[in-house]
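What follows is a set of notes on a single structure, which appears directly below.
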Protein chains: 2
Amino acid sequence: MSLDRKGLKWNGWGLAGHDFELGDREDAFWDYIAAEIGRESLEAVAPIALEDLRLPASRLPRQARAELNDAVGAEHVRSDAYERAFHTYGKSFRDLIRIRRGEITSAPDAVVYPGDAAEVIRVIQIARAHRLAVVPYGGGSSVVGGVEALRGTGQQGVITLDTTRMNRVLDVDTISHTATIQAGMYGPALEAELSESGYTLSHYPQSFEFSTLGGWIAARGAGQQSNGYGAAAKWVVSARVATPEGELRTLSFPNSAAGPNLNHLIAGSEGTLGVITDATVQVHPLPEKRDYRGFLFKSFERGSDAVRALVQDEIGLSMIRLSDGPETEFYSTFAEIGKERSRVRRLADAALDRGGFGDGACVMLLGSEGSAGQVRIATAAATAICLRHGAIPLGTRPGDKWYEGRFEMPYLRDSMLTRGLGVETLETSTSWSNIANLHARVSAALTETIESFGNGGSLVMAHISHSYRTGASLYFTFGWPMTEGAELDEWQAIKVAAGRVLREHGGTISHHHGVGADHLPWMRDEKGGLGMAILSAAAAAVDPDRIMNPGKLFD
Amino acid sequence: MSLDRKGLKWNGWGLAGHDFELGDREDAFWDYIAAEIGRESLEAVAPIALEDLRLPASRLPRQARAELNDAVGAEHVRSDAYERAFHTYGKSFRDLIRIRRGEITSAPDAVVYPGDAAEVIRVIQIARAHRLAVVPYGGGSSVVGGVEALRGTGQQGVITLDTTRMNRVLDVDTISHTATIQAGMYGPALEAELSESGYTLSHYPQSFEFSTLGGWIAARGAGQQSNGYGAAAKWVVSARVATPEGELRTLSFPNSAAGPNLNHLIAGSEGTLGVITDATVQVHPLPEKRDYRGFLFKSFERGSDAVRALVQDEIGLSMIRLSDGPETEFYSTFAEIGKERSRVRRLADAALDRGGFGDGACVMLLGSEGSAGQVRIATAAATAICLRHGAIPLGTRPGDKWYEGRFEMPYLRDSMLTRGLGVETLETSTSWSNIANLHARVSAALTETIESFGNGGSLVMAHISHSYRTGASLYFTFGWPMTEGAELDEWQAIKVAAGRVLREHGGTISHHHGVGADHLPWMRDEKGGLGMAILSAAAAAVDPDRIMNPGKLFD
């Protein structure tokens, strides 16, 4: 990953110069989207160019700059426009709307790239002495406002602390299945290096290519294969965190009853305790075999019952992913756009309709990884359960196609914003006994709110992608034709409506995206007054001046 | 469970009138023990009788008593000698030595039995107003000094808050596999009631009959089947905690990224945040089949390698228990004491010796629970792994015998103390790459320290009983002939020596017993100064006057 960040978009997702690939299907696709939301055509809304961007002047005191130069080397203290613009926001909807419009009220006064844990401590101490906020920044892929360059009351400025120079695997313990890795390592480099030892972390969030180990832990992330490999809070064995009061570290025990488990306070701390500098994580031998395959269910309810049976029966799968009716419809239409439907295909569709697999039918993708024997057993057991729930096996093609394109979707968001289309995701989790209820209520709230804008229709779809014995996640994707100038108001109205449903009907405000600035208003309800008091007291114990990532997680 | 506690021993383990059953093998057993530790015979050391016990006078202010009576009913505020003696200590070595000698410097000034969460809050508020410490007490089975009736500096007295009137299953959600249960429910009643719905928590610590749900969570306990069902910190889905500042509660999400997971702060809080009043826990359908069987390995190392393979290959076992050489020898001798060894048996033993299964051979017990199919598959896969590690299958008899007597051993401790024999356990965990090292070093430290007393030999044995992908627990049991009057000094010397080895060689101070008062000296090293600052700040946030269980977990 290029350190000067020029290889990445400063105002959108991923690699500079790379867009969502539609090829010769581009026009047909956008016509389909326009029709879905009840518009005749879509207008182009171009983002502001870097040279037109007006950044606030850097407030970094000269003395602080000198101390930072001394601490990490002058070449690692950056305040050029590209670096400051790149690090102003993360990749949330609010972030993208604002940066595309050039709305920047607070940019980092400097971006600092420390080289190791000791340098991180020094940078934090310098910031503390000069009353500067410190925003930890790995890949910057937060979609909930987790890395916005905010400062707290009374703070003189803000330093963004970029961890990506700390990008080495320090140790692989092949006996204990652990690896100790620096926090600023991006997903691809991390997996490439682990695989040289024959191991894998297998944490594959959609952001995998553009997010780092430290961010995965700080935001309690979950990868697409979390059913098999666990979410970050499960696979983190120990961590080191540079705080304003010094280093907080946990030890690498497989389990301990020596008081509360501080790993679970570090996971989800979102930079408010300090900067995770490295972590020891649980790894697995590289799987001998991977099998990803699809099944078609008559309804979300039948599919969801099957997911529940798969996890409660402890079939050892790495992934269980069930799209609801609208999402199944969307992806199936997307796959067909611009293609001639053959007569055979039309006949097959008619037969499916007659068999009850028409409107509302849902695709489930199952992934199994491990030894050939494990995969064979798991696939057989899972297939039996799916058939028992009335599913039609679709073979490995839908699984392989999904696997191939699994990191591409975030690029589509930029293309949609460029056409005046808002698109956002919202993920939650709830118990099995509440999942149908919550799915229906959130879907309805999203649709109703969007339609209340009177500006066209909505796209609202969802999937279950992480499941547990006691319940599952629900991941909603929704799109709407934005009213120019009112994009953030519309977004806010949607968040408020959905947040109310989550609070009143037993859903968490986030299953794996985190809190950031976006979810602050719902945190107090969810954690309760005393829960928040505990979290706040814990942060104050290591950061008495509250310079660490202000405006995120807490008020 | 009798509420007036008269059905239980006030100064030892378990049911009043029940002792460890040796039958007609009693003399032979004690002769064997005496020989093992190099004594000709063992002397009787009787505990003090209740009527001879001198309890400090109750310091409960009259006004506080009146308020407590009003809050929970006068019949639930007890200060008779039996209740106060019963609740003075838990069941740690130090506790038992002191209560048997009649050494009581601080007894509860009252024992209060609230009936619900609201009453718990009122009791705590009354205590706070009168500057009284509150010691939460469920089964009182802590073996690390977790329930001793201590008060903090400046506190006027101490109330022990007994939770056992809160003993109902409130809800079973058979769709989501969760149950909501009051914290004061003992193991047997809890399982009996869950089984009526067809479900089980399957948390079976050795203390199962005499410990409660709240205690299991507060001390981060692990049951004997934790490989299959998880330890308390894993199966707790949410909890309610009555604190001096009001109710702290978490919500029942299967997973959430909305900040740190406070369940992991409640689990292991040992009463320092407040009193757990109820919890929602993950349950499983009652297993259709249980299979417990034994294998014999040539050495602890071979057995330990097999345990590692069993967990890292994710064979779905409920229990993997590997005794080291001395423990295998102890139990095998114990089983044979007072029995004629047949000629066939002697020939078999000789054959085992010749095959390399003599001194140092280790028994492993494997448990599998679930559907008949799951048990068959797991047992076959596990057997294959054991055979690959050179084991001899011993069939189901050793497994069944262990299962039958799995809650009996704590009774033996009282019988040993009565004969002047110290007996204590010590449990830790470490990574697989360090397990042989730590096993050897702790065993040596225990043996050397005991032998340094110059008072006879030692019994030192260990097993692995909880295993994970990254490492395992080590559970040591050790016995020594105590020097009269110096019992606690000897114990202290052993703890210090073992604690030093754990700290220096990568072992946690507790895998599942907790911290209590006994492990305080090692907490700061293990959690680090900032870790302790966080835990202390978290407690102060809900208990500013620090009345909750003073002297445990923190200084």
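Of note:
- Residue check, residue B:62 open to solvent by 30 Å² or more (accessible area, probe 1.4 Å), in contact with a strand residue (DSSP E or B) (Cβ under 6 Å, 6 or more places away or on another chain) and of a type outside the set (Ser, Thr, Tyr): no
- Within the range B:38-93, considering residues that are touching a His at 6+ places or on another chain (Cβ under 9 Å) and part of a helix (DSSP H, G or I), the one farthest from residue B:207 (Cα to Cα): B:63
Let's see how each residue does on (1) touching a strand residue (DSSP E or B) at 6+ places or on another chain (Cβ under 6 Å); (2) free of Cβ contacts under 8 Å to residues at least 60 places away in the same chain; (3) within 8 Å of chain B (Cβ to nearest Cβ):
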residue	(1), (2), (3)
A:255	yes, yes, yes
A:261	no, yes, yes
A:271	yes, no, no
A:275	yes, no, no
A:279	yes, no, no
A:283	yes, no, no
A:290	yes, no, no
A:297	yes, no, no
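- Test: residue in the range A:95-106 that is at pLDDT below 95 and of a type outside the set (A, V, I, L, M): yes
- Within the range A:536-545, the set of residues being touching a helix residue (DSSP H, G or I) at 6+ places or on another chain (Cβ under 7 Å) and either closer than 21 Å to residue A:475 by Cα or in contact (Cβ under 8 Å) with a residue 40 or more places away in the chain (or both) comprises A:538, A:541, A:542, A:545.
- Residue in the range A:471-491 that is among the polar types (S, T, N, Q), within 30 Å of residue A:319 (Cβ to Cβ) and part of a strand (DSSP E or B) present: yes
- Residue in the range B:506-520 that is in a helix (DSSP H, G or I), touching a residue at least 60 places away in the same chain (Cβ under 8 Å) and either within 10 Å of chain A (Cβ to nearest Cβ) or touching a Phe, Trp or Tyr at 6+ places or on another chain (Cβ under 7 Å) (or both) present: no
- Within this structure, residue A:231 passes the test of being in contact with a Lys or Arg (Cβ under 9 Å, 6 or more places away or on another chain) and either within 14 Å of chain B (Cβ to nearest Cβ) or at pLDDT below 95 (or both).
- Residue list for the range A:525-544, filter: among the aliphatic types (A, V, I, L, M), within 8 Å of chain B (Cβ to nearest Cβ) and out of contact with any Asp or Glu (no Cβ under 8 Å at 6 or more places or on another chain): A:534, A:535, A:537, A:538, A:540
- Those residues of the range A:346-385 which are open to solvent by 30 Å² or more (accessible area, probe 1.4 Å) and of a type in the set (Phe, Trp, Tyr), in sequence order: none
- For the residues A:233, A:218, the requirement of being farther than 27 Å from residue A:366 by Cβ and among the small types (Gly, Ala, Ser) singles out A:218.
- Candidates are the residues of the range A:419-443 that are charged (D, E, K, R) and open to solvent by 20 Å² or more (accessible area, probe 1.4 Å); the one that is nearest to the other protein chains (Cβ to nearest Cβ) is A:441.
- Test for residue B:92: is it of a type in the set (S, T, N, Q), in contact (Cβ under 8 Å) with a residue 24 or more places away in the chain and touching a Gly at 6+ places or on another chain (Cβ under 8 Å): yes
- Test result for residue A:479, surrounded by 17 or more Cβ atoms within 10 Å (Cβ to Cβ), within 21 Å of residue A:361 (Cβ to Cβ), at pLDDT 95 or above and more than 13 Å from chain B (Cβ to nearest Cβ): no
- Per-region count, the range A:27-56, residues over 31 Å from the mean Cα position of the chain (by Cα) and either open to solvent by less than 80 Å² (accessible area, probe 1.4 Å) or at pLDDT 90 or above (or both): 0
- Within the range B:239-264, being in a strand (DSSP E or B) and over 22 Å from the mean Cα position of the chain (by Cα) holds for B:240, B:242, B:243, B:246, B:247, B:248, B:249.
- Restricting the range A:492-551 to residues that are among the acidic types (Asp, Glu) and surrounded by fewer than 24 Cβ atoms within 10 Å (Cβ to Cβ), the residue that is farthest from residue A:143 (Cα to Cα): A:545
- Matching residues, the range A:335-345, being closer than 26 Å to residue A:405 by Cα and either open to solvent by 50 Å² or more (accessible area, probe 1.4 Å) or of a type in the set (A, V, I, L, M, F, W, C) (or both): A:335, A:337, A:338, A:339, A:340, A:341, A:342, A:345
- Some residue of the range B:239-246 being among the acidic types (Asp, Glu), open to solvent by 10 Å² or more (accessible area, probe 1.4 Å) and facing chain A (nearest Cβ under 7 Å): yes
- Per-region count, the range A:438-470, residues farther than 18 Å from residue A:303 by Cα and outside any helix (DSSP H, G or I): 8
- Scanning the range B:324-338 finds no residues that are within 14 Å of chain A (Cβ to nearest Cβ) and modelled with pLDDT of 95 or more.
- The range B:109-223 holds helices (runs of 4 or more DSSP H) entirely within its bounds, and those carrying 2 or more residues that are touching a residue at least 40 places away in the same chain (Cβ under 8 Å), within 14 Å of another protein chain (Cβ to nearest Cβ) and surrounded by 22 or more Cβ atoms within 10 Å (Cβ to Cβ) map to B:213-218.
- Qualifying residue in the range A:400-407 (condition: touching an Asp or Glu at 6+ places or on another chain (Cβ under 8 Å), more than 23 Å from residue A:311 (Cβ to Cβ) and either touching a residue at least 60 places away in the same chain (Cβ under 8 Å) or surrounded by fewer than 17 Cβ atoms within 10 Å (Cβ to Cβ) (or both)): yes
- Close pairs (8 angstrom Cβ cut-off, 6 or more residues apart or separate chains): within 14 Å of chain A (Cβ to nearest Cβ) in the range B:446-469, in a helix (DSSP H, G or I) and surrounded by fewer than 23 Cβ atoms within 10 Å (Cβ to Cβ) anywhere: B:467/B:311; B:468/B:311; B:469/B:311; B:469/B:312
The values are calculated or read from the model by the stated rules, or taken from the named source; none is laboratory data. Computed from a predicted model, the values in this text were never measured in an experiment. Every residue, glycine as well, gets a Cβ built from its backbone with ideal geometry; the counts of neighbours run over all protein chains shown. Note: accessible area is taken over every heavy atom of the protein model, side chains too, but ligands, DNA and RNA are not part of it. Shrake-Rupley method; radii C 1.70, N 1.55, O 1.52, S 1.80 Å.
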